[in-house]
1. Could you pull out the residue among Leu264, Leu270, Leu215 that is closer than 21 Å to Phe357 by Cβ, open to solvent by 40 Å² or more (accessible area, probe 1.4 Å), in a helix (DSSP H, G or I) and not aromatic (Phe, Trp, Tyr)?
2. Just a yes or no: is a residue in the stretch 289-298 in a loop (DSSP other than H, G, I, E, B), over 23 Å from Ala156 (Cα atoms) and open to solvent by 40 Å² or more (accessible area, probe 1.4 Å)?
3. Could you check the stretch 135-177 and list, in sequence order, the residues that are of a type in the set (Gly, Ala, Ser) and either open to solvent by 20 Å² or more (accessible area, probe 1.4 Å) or touching an Asp or Glu at 6+ places or on another chain (Cβ under 6 Å) (or both)?
4. For the subset of the stretch 418-477 comprising residues that are in a loop (DSSP other than H, G, I, E, B) and among the polar types (S, T, N, Q), which member is surrounded by the fewest Cβ atoms within 10 Å (Cβ to Cβ)?
5. Quick check, is Ala374 open to solvent by 20 Å² or more (accessible area, probe 1.4 Å), touching a residue at least 40 places away in the same chain (Cβ under 8 Å), in a helix (DSSP H, G or I) and within 24 Å of Ile409 (Cα to Cα)?
6. Which residues, taken from the stretch 114-131, are touching a Leu at 6+ places or on another chain (Cβ under 6 Å) and of a type outside the set (A, V, I, L, M, F, W, C)?
7. Please tell me if Thr486 is open to solvent by 30 Å² or more (accessible area, probe 1.4 Å), β-branched (Val, Ile, Thr) and in contact (Cβ under 8 Å) with a residue 12 or more places away in the chain.
8. Within the stretch 459-488, how many residues are under 19 Å from Ala440 (Cβ atoms), of a type outside the set (Lys, Arg) and out of contact with any strand residue (DSSP E or B) (no Cβ under 7 Å at 6 or more places or on another chain)?
Amino acid sequence: MDPRAEIDFNTDENSAGGISTAGTGARASARDGAAPDTGRDVAVSARRGTVQPVLAATLAIPLAVYAAIGSFARYTADDYCWAGVLRTEGFLNAQALWYIGYSPRYAFTFLVNLVELAGPAIVPALPLVAIVTWLAVLTWSLTQFGMRRWQAIALAEVLALATFVSAPDLAQSLYWQTGMLTYLLPLVLASFLIGWLRRALSDGHVSVLGLVVSLAVTFVAGGLSETYLIPQNVALTLALGAAVLFGGSAARRLVAPHLAAALLGGVLALLTIVIAPATASRVGGSPADLVLASSAAIATGAYQLVRLGRYFPYAVLLCLAAPGLLGLYASHMDRKWFVLVTACVAITLPFCYFPSFYAQNGNPPARSLIVPGAILISYLLYVGYAVGGLLQGVSGNVRTVGLAAALLIPLGVAVVTVPELTPAAQAAALWDTADAQIRAARDAGQTDVRVAPLPAYLGENFVTADPHDWFNVCVARYYGIGTIATTP
């Protein structure tokens, strides 16, 4: 038996926040002190051995559709600005230029420039890479809690699918290069950190290298977006307090140092952003009233929660049912830890919106709401794990119906999403034509290029009729021409 499956934060053994992978069949019965019902447990294990890969394969279908749509992604909006400055200033000078003049997001600037070195050809591959990487990291992290491979894969797919399907602006959170690196990549790093903390607990010792990794992950993630940085630091502070005040000796000895290192990385990221010369221009004036900004953040968090339940009830049901269907349930869930986790989520959530309301006096961009959305989805999975034991007492027929309903959800998402492939392909074709036209005009010696207007792509317009518009200037710099504008 994997020792990582025997976790309880309230003991002096290795602990992980009151969560234990109860397992199924004879193993769960033996742990609870009851004699195993061998025949029944073998049948249950056999059914689950089939259910888990089938559910995982079905969940992969809509995710593959998202990746297929993403294969038609092209440059848009800020992508041209990053690439243009990289072309004219070079890699190192571009870092300094952005940090001083426009964006304090040092990690994002570094990574986006690194990606831009490959040119626009890499953009269609990024959504697929992002989806596969997040699933791989989630799967690895979940296995650190003692889950079997197929359980971890399926649960990772549920989390990713529910997050994507409920995202307020998935196009700009996943398909847009800038948005994906700013808001989705931090979720990948956060998923890794959770698994890394759990692994440190299982290792039974604290190493300097391990602490450096914890610090580096949050420092990089915090430098991708301040709208992620603030809730990251709040969550780490709450987790550190919970480990010290309510955890057992193992939590204080093994988890707390890593949480402290991670929090230090987040604080260093915050300081790096605060002292950046570009921060003042990005904030754009005096901060908003603290009370009003806090009230707006709390109200927005409540609205996103209501929105999730009202418009995506099938995603909510999938998250609540998936752990039980996969045989993941709490043999014993300490109410204290359930309340603590709930309180931490409730406190952290408003801080996902607070930076925009307070520092920029405006609503957070819809693409950034994938971060609090992922937090809510993760919490629903946690609740499903907490109550998943209730499903173990129902009849086999009822469980079969539940599984069939669960399989219909990702299939339905795929059916609804497939039609988006056609407009995505059409937009890519128009972009490719315009790109070829601009390059041909440049190569022919034209310095002032005019192109036909293009429809909005990912919610953003292409160049306008004004050659001095900021976006037109970015596009002209990227292509190495004097000006560009649309034809009358």
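The values are calculated or read from the model by the stated rules, or taken from the named source; none is laboratory data. All values derive from a computational prediction rather than experimental measurement. Every residue, glycine as well, gets a Cβ built from its backbone with ideal geometry; the counts of neighbours run over all protein chains shown. Side chains are part of the model used for accessible areas, which takes the heavy atoms of the whole protein and leaves out ligands, DNA and RNA. Shrake-Rupley method; radii C 1.70, N 1.55, O 1.52, S 1.80 Å.
1. Values: Leu264 fails: closer than 21 Å to Phe357 by Cβ; Leu215 fails: closer than 21 Å to Phe357 by Cβ.
When all the criteria are applied, what remains is Leu270.
2. From the stretch 289-298, those in a loop (DSSP other than H, G, I, E, B) are 289; that's our starting set.
Then keep just the ones that are over 23 Å from Ala156 (Cα atoms); that gives 289.
Right, trim to open to solvent by 40 Å² or more (accessible area, probe 1.4 Å) and you get 289.
Yes; the residues of the stretch 289-298 include at least one that is in a loop (DSSP other than H, G, I, E, B), over 23 Å from Ala156 (Cα atoms) and open to solvent by 40 Å² or more (accessible area, probe 1.4 Å).
3. Taking the stretch 135-177 and keeping what is of a type in the set (Gly, Ala, Ser), we get 136, 141, 146, 152, 154, 156, 160, 162, 166-167, 171, 173.
If the condition is that a residue be of a type in the set (Gly, Ala, Ser) and either open to solvent by 20 Å² or more (accessible area, probe 1.4 Å) or touching an Asp or Glu at 6+ places or on another chain (Cβ under 6 Å) (or both), then Ala136, Gly146, Ala171 are the ones that fit.
4. Taking the stretch 418-477 and keeping what is in a loop (DSSP other than H, G, I, E, B), we get 444-447, 452-456, 458-459, 461-469.
This time we only want the ones that are among the polar types (S, T, N, Q), so: 446-447, 461, 464.
Values: Gln446: 14, Thr447: 12, Asn461: 15, Thr464: 15.
Ranking the candidates gives Thr447 first.
5. Values: open to solvent by 20 Å² or more (accessible area, probe 1.4 Å): no; touching a residue at least 40 places away in the same chain (Cβ under 8 Å): yes; in a helix (DSSP H, G or I): yes; within 24 Å of Ile409 (Cα to Cα): yes.
It is false that Ala374 is open to solvent by 20 Å² or more (accessible area, probe 1.4 Å), touching a residue at least 40 places away in the same chain (Cβ under 8 Å), in a helix (DSSP H, G or I) and within 24 Å of Ile409 (Cα to Cα).
6. Glu116, Pro127
7. Numbers: open to solvent by 30 Å² or more (accessible area, probe 1.4 Å): no; β-branched (Val, Ile, Thr): yes; in contact (Cβ under 8 Å) with a residue 12 or more places away in the chain: yes.
Spelling it out, it is not the case that Thr486 is open to solvent by 30 Å² or more (accessible area, probe 1.4 Å), β-branched (Val, Ile, Thr) and in contact (Cβ under 8 Å) with a residue 12 or more places away in the chain.
8. Residues in the stretch 459-488 being under 19 Å from Ala440 (Cβ atoms), of a type outside the set (Lys, Arg) and out of contact with any strand residue (DSSP E or B) (no Cβ under 7 Å at 6 or more places or on another chain): 4 in total.
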